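Input: a single structure, listed below in structure tokens.
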2 protein chains.
Amino acid sequence: MDIKDIEKLYLHRQSCRSFDPARPVSDELLREVCRLALLAPSACNSQPWKLLAVTGEKAKQLAAGVQDLGMNKFASDAPAFIVVLEGTGNLTATVGSRFKNTDFLHNDIGIMTAHLVLAAEAAGLVTCILGWRSEEKLRKILLLPEKTRIPHIIAIGYASEGYETREKKRKPMEDTFVLLK
Amino acid sequence: MDIKDIEKLYLHRQSCRSFDPARPVSDELLREVCRLALLAPSACNSQPWKLLAVTGEKAKQLAAGVQDLGMNKFASDAPAFIVVLEGTGNLTATVGSRFKNTDFLHNDIGIMTAHLVLAAEAAGLVTCILGWRSEEKLRKILLLPEKTRIPHIIAIGYASEGYETREKKRKPMEDTFVLLK
């Protein structure tokens with residue numbers, strides 16, 4: 001793989017809001033995408049995360065948990081979700097975060113999430129990272145303890161027929177890159 | 001690109017702590033890697049980041065800012081650094097973060113950082129994400145305003161001769177994946 005391949009991957013992958021509700025994702029493929037995501041690096045290798053892959057009836061229930069205030073209606077068509085649970089990190093990473101007054105944990109979760117959505121794209125799937133969600137509803141549906149944090153949930157599936165990525169649309173803002181010597 | 005290619009990329013890319021000090025990275029390549037990183041998605045497309053690519057004399061100075069308490073000595077050999085600056089995000093993302101009590105900003109910075117290090121890997125470079133840094137020192141060297149946050153800084157260059165990635169080393173913890181229906 002060279003830099004042209006990765007450019008193509010980055011440009012082609014985008015948040016999809018048009019899933020084919022009739023095309024489920026196999027358990028094997030969900031497992032494989034998550035396995036690759038879990039290879040992501042993290043501060044002090046703390047891996048402060050867990051992934052729940054959810055399909056079938058439970059996925060239908062989950063879709064409701066990301067639609068409050070009328071948001072994310074497309075989620076009803078997603079055949080599966082990957083729920084990202086926040087871990088606690090290990091002691092070294094936690095102490096490092098405090099000493100350096102920074103948020104390694106959410107940074108790490110972002111790094112892993114990027115690995116996940118890029119692996120899904122390479123597998124021919126489409127994804128949408130949903131930050132707008134009711135953690136309370138999701139916890140109830142998934143029977144998770146009250147303290148469990150769910151930083152986001154990823155809708156995953158196949159794109160609906162005729163869906164086209166708009167590769168040109170995402171443009172970096174001006175003035176986001178400077179070279180210094 | 002398929003899922004096998006991405007697996008290879010994820011396994012091969014790892015935090016490198018052995019840079020070839022005699023081999024600089026061209027400005028063009030640094031610019032290209034940053035351009036690809038800046039294609040990363042973010043909450044409400046807020047792109048809450050800026051990147052400073054630093055080489056030459058300034059890079060030597062920066063190396064000192066990541067070595068307090070004797071950490072990261074290898075950074076002295078890195079020919080370049082990419083400094084990640086925290087942006088403010090846009091209004092939609094900021095309001096969303098508050099409503100949903102979550103940290104989109106650091107999540108987004110992690111997502112962009114993953115795009116950056118994977119693009120660098122595809123370009124034949126090696127990287128190490130350094131969270132252990134003195135923001136104060138770095139701000140002084142870079143003449144940045146006091147409020148500027150620097151969530152991390154990425155050492156980037158070519159691996160020293162004989163350096164080998166240990167592809168088998170990074171293993172996801174047990175019990176990080178569950179499938180539900």
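Each value in this text was obtained by applying a stated rule to the coordinates, not by laboratory testing. The structure presented is a predicted model; accordingly, all values stated were derived computationally and were not measured. We place every Cβ from the backbone using ideal geometry, glycine too, and count neighbours over all the protein chains shown.
Peptide B:147-154 has a mean shielding of 2, counted as Cβ atoms of other protein chains within 10 Å of each residue's Cβ.
Over the whole of A:20-28, what's the average partner chain Cβ count within 10 Å per residue? Rounded to a whole number, please. List each step's numbers first, then the result.
Details: counts 0, 0, 0, 0, 0, 0, 0, 2, 0.
Per residue, the number of nearby Cβ atoms from other chains is 0 on average.
Sorted shortest first, the separations between the B:L179 label point and its copies elsewhere in the assembly read 4.8 nm; each point sits 7 Å from Cα along the Cα-to-Cβ line. Taking K and R as +1 and D and E as -1, what net charge do the other residues with C-beta under 11 Å from the C-beta of A:K60 add up to? Net charge in that neighbourhood comes out at 0.
Decide, for the range A:75-181, between rounded, prolate and oblate: order the square roots of the alpha carbon gyration tensor eigenvalues as a ≥ b ≥ c, take rounded if a/c falls under 1.5, and otherwise choose prolate if a/b is larger than b/c, else oblate. Cα axes put the range A:75-181 in the oblate bin. Taking every residue in A:34-45 and counting other chain Cβ atoms within 10 Å of its Cβ, the average works out to 6.
With label points set 7 Å from Cα along Cα→Cβ, the inter-copy distances at A:G56 are 6.2 nm, sorted shortest first.
Where a ≥ b ≥ c are the square roots of the eigenvalues of the C-alpha gyration tensor, would you call chain B rounded, which needs a/c under 1.5, or, failing that, prolate if a/b is larger than b/c, or oblate? List each step's numbers first, then the result.
On the way: a/c = 1.68, a/b = 1.09, b/c = 1.53.
Judged from the Cα gyration tensor, chain B comes out oblate (a/c at least 1.5, b/c at or above a/b).
Straight-line cross-link reach from A:K181 at under 14 Å between alpha-carbon atoms covers these aspartates and glutamates, not counting any fewer than eight positions away in the same chain: B:D27, B:E28, B:E57.
Count charges around A:R31 for me, please; just the other residues with Cβ under 15 Å from its Cβ, Lys/Arg as +1, Asp/Glu as -1.
Details: positive: A:R35, A:K50, B:K181; negative: A:D27, A:E28, A:E32, B:E7, B:E174, B:D175.
Neighbour charge sum, excluding A:R31 itself: -3.
Assuming a ≥ b ≥ c are the square roots of the Cα gyration tensor eigenvalues, decide whether the range B:1-98 counts as rounded (a/c under 1.5), prolate (otherwise, with a/b larger than b/c) or oblate. Because a/c hits 1.5 or more and a/b fails to exceed b/c, the range B:1-98 counts as oblate.
Measuring between alpha carbons in the structure, the pairs from B:K60/B:K137; A:K171/B:K147; A:K4/B:K8; A:K58/A:K147; A:K4/A:K171 lying more than 19 angstrom apart are A:K171/B:K147; A:K58/A:K147. Membrane-span-like helices in chain B (whole DSSP H runs, Cα extent of at least 18 Å along the helix axis, mean Kyte-Doolittle hydropathy of at least 0.0): B:104-122.
Below 8 Å between Cα atoms, with a sequence gap of 6+, how large is the relative contact order for the range B:3-157 in percent? Worked out over the range B:3-157, it gives 35 percent.
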